[in-house]
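All remarks here apply to the structure that follows.
The values are calculated or read from the model by the stated rules, or taken from the named source; none is laboratory data. All of these numbers come straight from a predicted model, not from anything done at the bench. Here the Cβ is made from the backbone with ideal geometry for all residues, glycine too, and neighbour counts use every protein chain on show. Protein only, heavy atoms only, side chains kept; ligands, DNA and RNA dropped before computing areas. Shrake-Rupley method; radii C 1.70, N 1.55, O 1.52, S 1.80 Å.
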Amino acid sequence: MNPADLAALLLDHVRRAAAEHGVDPDEVAPEDVTLERPRNRDHGDWASNVALKLGKRLGVAPRQLADALAATLVEVDGIAGAEVAGPGFLNITLDAAAAGALAERILAEGSAYGTGVLYAGVRIDLEFVSANPTGPIHIGGTRWAAVGDSLARLMEAQGGEVTREYYFNDHGAQIDRFARSLLAAHLGEPAPEDGYGGSYILDIAARVEQDYPGDLSALPRAEQQEVFRELGVTQMFGEIKASLHEFGVDFDVYFHENSLHSSGAVERAVARLRELGHIYEADGATWLRTTEFGDDKDRVVIKSDGEPAYISGDLAYYLDKRERGFDRCIILLGADHHGYVQRLMAMTAAFGDVPYVNHEILIGQLVNLLKDGEPLRMSKRAGTVVTMEDLVDAVGVDAARYALVRSSIDSNIDIDLDLLARKTNDNPVFYVQYAHSRTRAVARNAEAAGVTRDGFDPARLAHETESELLGALAEFPRITLQAVELREPHRVARYLEDLAGAYHRWYGACRVIPQGDDPIEPVHAARLTLNDATGQVLRNGLALLGVAAPERM
């Protein structure tokens with residue numbers, strides 16, 4: 001009996017109790033019935049506070065309701081006991097066969113175990129990284145690459161039609177500074193005061209010189225700068241794409257900011273908002289009345305000199321996404337964009353959409369890399385910031401992705417490069433990957449010893465470590481659903497660490513293969529099934545994080 005089955009059973013019993021007390025059973029919703037793993041396993045396999053939540057609504061004391069539910073639940077096959085604790089907590093214990101049957105179900109579902117239908121049929125545009133093509137991806141953008149791709153995988157696992165999108169900033173002052181920096185490197189001049197440094201500028205400038213078919217020196221300086229703008233951005237962006245691909249992140253759409261201004265998209269967005277009555281003219285400028293939707297002030301859309309203000313691109317880009325048919329538009333941004341959220345949600349409402357539903361902004365905090373206990377502050381290549389390549393070169397893709405995704409995006413994180421390079425159990429990614437490789441080693445050894453899963457009897461999984469491990473496996477679908485609902489993929493990583501710990505403890509206590517000349521017994525088939533089910537869940541979880549599940553380590 002898995003948690004979903006038990007929750008459905010408990011819901012049915014609660015609805016019966018509601019009817020007995022003159023309350024419409026349909027007033028009890030599935031979300032009213034929640035299950036949790038007790039901290040103390042002596043209190044059972046599952047606990048519920050449903051009696052505390054619904055007692056008043058049903059007009060009965062919570063303890064009395066819990067007693068009535070416990071009395072009916074113990075009559076159900078598969079439930080070994082149901083007890084009431086405190087003011088009305090319900091503690092439920094499954095019999096070994098009901099709990100152990102989960103292992104076989106996991107193997108039957110395979111990679112589908114832990115998936116769901118939360119976003120079935122929902123089209124989602126997930127925009128992340130979107131680093132300016134003026135240098136290598138810094139460590140903050142690398143965090144977004146890991147988190148964004150994991151979030152996309154979680155949404156796809158819930159049936160979502162996810163488009164990974166990269167907003168390619170090829171319009172504005174930063175690109176001008178990049179072009180001037182390249183030109184200065186080409187001419188042997190110092191980098192502009194507001195320009196970019198680092199050896200990558202010299203590399204890109206040299207490649208532009210090589211790729212340009214004509215004689216650069218024959219061009220006026222302004223035309224040379226245009227060559228470096230066009231070819232330099234192409235070269236830099238090619239590097240960014242290659243770095244992301246090596247990191248396991250590929251995008252479906254690369255959207256060029258410049259197209260918003262060249263295609264008339266800004267004018268169309270302003271016209272739409274004018275039709276909706278939210279645009280007005282004042283002081284020679286065109287304004288969007290965002291204060292009607294919770295913003296602290298109205299926003300200039302077109303400046304008095306006729307040039308579009310920064311928010312005009314946001315208006316056009318959001319409308320473009322909605323016109324492309326996306327139901328949900330989600331953007332992952334760094335901590336320095338926190339002030340944009342209120343105005344973007346006001347913009348969403350001005351278009352007639354629902355803030356935080358049709359449009360979401362997720363804000364992430366900073367990353368610090370530590371080496372020998374000291375912060376790393378400079379890249380050998382970029383010269384100013386630590387980059388994706390620095391992290392991957394130090395610890396590899398798997399460790400980098402896992403380390404960046406295992407903490408809440410709301411918190412600053414310190415990543416210890418020395419720790420991640422170790423092949424010891426205090427390295428969290430090694431600990432989880434080693435658990436998976438151990439499940440595969442056990443399976444290979446079992447095959448060699450003639451142990452198979454034939455004749456699986458779930459009642460044989462009665463050891464306390466088996467109960468703990470089955471309980472952890474049962475939690476996986478709830479964790480993946482919670483992770484996507486809360487936009488917190490780190491919950492999957494922390495879950496995998498807990499699961500790995502439960503597996504390692506079970507491995508130390510229970511044998512899958514007979515000792516010496518002892519015969520193969522039904523318990524060995526049951527334990528091999530549990531071993532293989534654990535490996536499947538570890539694979540499924542690591543896949544959601546874009547991290548490999550090695551067969552051997």
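Ignoring ligands, DNA and RNA, what percent of the 1.4 Å accessible area of the range 12-73 is carbon and sulfur?
On the way: 1590 of 3410 Å².
Here carbon and sulfur together make up 47 percent of the probe-accessible area.
Partner lysines whose Cα lies under 25 Å from the Cα of K423, excluding those fewer than 8 positions away in the same chain, are identified as K371. Ligands, DNA and RNA are left out, and with a 1.4 angstrom probe the accessible area of the range 339-457 is 46 Å² per residue. With Cα atoms as the point set, the radius of gyration and Dmax of the range 40-83 evaluate to 11.2, 31 Å. Mean separation of Cα pairs under 8 Å and 6+ residues apart, divided by the residue count of the range 447-502: what relative contact order is that in percent? Taking the mean separation of contacting Cα pairs over the length of the range 447-502, I get 33 percent. Ligands, DNA and RNA left out, the accessible area of the range 123-263 computed with a 1.4 Å probe is 48% carbon and sulfur.
Candidate cross-link partners of K303 among the lysines, defined by an alpha-carbon separation under 30 Å and a same-chain spacing of 8 or more, comprise K321. Of the trypsin sites (Lys or Arg not before Pro) found in the range 383-455, those that fall in a DSSP loop while having at most 15 other beta-carbon atoms within 10 Å are R422, K423.
Relative to the longest principal axis of the Cα atoms of the chain, helix 310-323 runs at roughly 50 degrees.
Rank these by accessible area, largest first, 1.4 Å probe: H338, H278. Don't skip to the end; give the middle numbers.
Values: H338 120, H278 30 Å².
Ranking H338, H278 by accessible area, largest first, yields H338, H278.
Phi-derived couplings, Karplus 6.51 cos²θ - 1.76 cosθ + 1.60 at θ = phi - 60°, listed residue by residue for the range 220-236: x, 4, 4, 6, 4, 4, 5, 4, 5, 5, 5, 6, x, 4, 4, 5, 5 Hz, with x used for Gly and Pro.
Let me know the volume per residue of the alpha-carbon convex hull for the range 286-417, in Å³. Provide the component values of the computation, followed by the final result.
Details: hull volume 21.7 nm³, N = 132.
Convex hull volume per residue, Cα atoms: 164 Å³.
Let me check I've understood the local charge: for F168, count other residues with C-beta under 12 angstrom from its C-beta, Lys and Arg +1, Asp and Glu -1. What total comes out? Kindly include the intermediate steps, with their values, before the conclusion.
Details: positive: K241; negative: E127, E165, D170, E257.
It works out to a net charge of -3.
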